[in-house]
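To keep things clear, I will list the structure first and then write my remarks on it.
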Amino acid sequence: MQPSKSLITRMTGTSSATKAYVALLLTIITWALVPAFLKQLLAVLSPTELSFIRFFFAGAVMLAWILPGHYKEVLDLFRDDWRLMLLCTLCGPLMAMVCFNFGLNKLTVGTAAVFTAIEPVCTYLFAVLLGQERWKAGRMVSILVALAGIVLVILSRESFGVGYWLSLLLVTLSPIIWAANNIITKELAKRHAAMVMVAVSFFLSSLLLLPTLSADLPAKLANMPPALWLILGYTVLCNIFGFTLWYWSLKHLPSSTVALSLYLLPVLSVAAGILLLGESLSFLKGIGILTVMLGLYLTNVRFR
């Protein structure tokens, strides 16, 4: 007896969904480890050098992968929207990554990860200001909850020197820049494939960072121990396969499910900082992190 077509369809769908959940979980775990590894690499490389290397190799590999079958899409992107693509690159991965790397130098991984998690709040506020979304009182209260958590994290007292406050400012700029990028790329994403945009943006970012590189970068790379080379390779591969798995998961899972998974990132990053770098987690910072996560959940799920 042959199985019915509907049964086969259901089995196939279930299999795709299961694979998507696994891919999504792997993506979140691999991304969560990146800040701890970046912290180790920043002991050898400058923030701009580290950003250049990640952007260059990830962009080059992605373009080599995409161009054979999608070279016309890349040409269309440059022909029709090169100005907007350049703006999205500057006000996106380039500035956001560099700001985060500079800020991470003086902060723990846990603090930096929590600050970058407020991107959905920034995106919502920008969308309201531009008239793309309606103002909701419930979401405003939720945002205030998240900000209260941020204050607790700040007061958990790693240090209060000028370098600390400047680093907080830089890591705060990172989610603000990404939020602005979400608004800017909204129309662009309707006309071009996401993976093509990511590949072009990464490679353009590396080209724009070329003038900032120091002459001793080759010597730094040559003297790096094998362990740091493995870590560097890991961070590059996360750029490539992380976004690939992310967009593949979006095709097979509800967007709300994928969005909710992001709330695991700061928690897992804090754990990575503790396990890999020996960072401490005070009671006040732990309460602050949980408060931020609660505020973000209420903002983007409960009162959406």
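Applying 1/(1 + (r/R0)^6) with R0 = 25 Å to the Cβ-Cβ distance of Val162 and Trp82, what FRET efficiency is obtained, to the nearest 0.05? Don't skip to the end; give the middle numbers.
On the way: r = 40 Å, r/R0 = 1.59.
Calculated value: 0.05.
Put +1 on the Cβ of every Lys and Arg and -1 on every Asp and Glu Cβ in segment 5-302; which of Phe37, Ile176, Gly233 then has its Cα farthest towards the positive end of the dipole?
Ile176
Would you work out which of Cys91, Ser142, Ser214 lies farthest towards the positive end of the dipole of segment 5-302? Charges go on Cβ: Lys and Arg +1, Asp and Glu -1.
Ser142
Under a plain spin-label model, where a point goes 7 Å from the Cα along Cα-to-Cβ, how far apart in nm are Leu208 and Ile287?
Each label point lies 7 Å from its Cα, and together they span 4.1 nm.
Within segment 5-302, count lysine pairs with alpha carbon atoms under 19 angstrom apart where the residues are 8 or more positions apart or belong to different chains.
Working: Lys19/Lys251; Lys39/Lys106; Lys39/Lys220; Lys72/Lys190; Lys106/Lys285; Lys186/Lys251; Lys190/Lys251.
Step by step, the pairs that qualify in segment 5-302 add up to 7.
What ³J(HN,Hα) values, in whole Hz, does the Karplus curve 6.51 cos²θ - 1.76 cosθ + 1.60 give for segment 211-227 when θ = phi - 60°, with x put for Gly and Pro?
My calculation for segment 211-227 gives x, 8, 6, 8, 5, 8, 4, x, 5, 4, 5, 5, 8, 6, x, x, 4 Hz in order.
Step through the residues of segment 264-279 one at a time and calculate ³J(HN,Hα) from phi using the Karplus curve (6.51 cos²θ - 1.76 cosθ + 1.60, θ = phi - 60°), rounding each to whole Hz and writing x for Gly and Pro.
Calculated HN-Hα couplings, in order: 6, 4, x, 5, 5, 5, 4, 4, 5, x, 5, 6, 8, 10, x, 5 Hz.
So what is the 222 nm mean residue ellipticity for the chain from helices alone, if each DSSP H run of at least 4 adds -39500 (n - 2.57) and you divide by all residues, rounding to the nearest 500 deg cm²/dmol?
Numbers: 13 runs with 243 residues, N = 304.
Mean residue ellipticity at 222 nm (helix-derived): -27000 deg cm²/dmol.
Subtracting the Cα-Cα distance from 0.36 nm times the residue separation, let me have the gained length for Thr18 to Leu169 in nm, one decimal.
Details: separation 151, 0.36 × 151 = 54.36 nm, distance 3.99 nm.
Going from the current span to full extension adds 50.4 nm.
Treating the beta-carbon of each Lys and Arg as +1 and of each Asp and Glu as -1, no other charges, what is the dipole magnitude of segment 5-302 about its Cα centre, to the nearest 20 debye? Mind showing how you got there, number by number?
Numbers: 20 positive and 11 negative charges, 154 e Å.
It comes to approximately 740 debye.
Within segment 143-222, report the chymotrypsin sites (Phe, Trp or Tyr not before Pro) that DSSP leaves as loop and that have at most 11 other Cβ atoms within 10 Å. Let's see the in-between values first.
Numbers: sites: Phe160, Tyr164, Trp165, Trp178, Phe202, Phe203; in loops: Phe160.
Qualifying residues, ordered by number: Phe160.
Along Cα→Cβ, 7 Å out, is where each label goes; now give me the distance between the ones at Val151 and Leu264 in nm to one decimal.
Label at Val151, label at Leu264, 3.2 nm between them.
Each residue of segment 114-127 in order: what ³J(HN,Hα) in whole Hz does its phi give by Karplus 6.51 cos²θ - 1.76 cosθ + 1.60, θ = phi - 60°, with x for Gly and Pro?
5, 5, 5, 6, 7, 3, x, 5, 4, 4, 5, 5, 4, 5
Return the inverse of the average 1/r over all pairs of distinct C-alpha atoms in the chain, which is the Kirkwood hydrodynamic radius, in Å to one decimal. Show your work: numbers first, answer last.
Details: mean 1/r = 0.0485 Å⁻¹.
Across the chain, the inverse of the average 1/r is 20.6 Å.
Read-outs: derived from the displayed coordinates by stated rules, not from any lab. Bear in mind that the values here come from a model prediction, so they are computed numbers and not experimental data. A quick note on method: Cβ atoms are made from the backbone with ideal geometry, for glycine too, and the neighbour counts reach across all protein chains shown.
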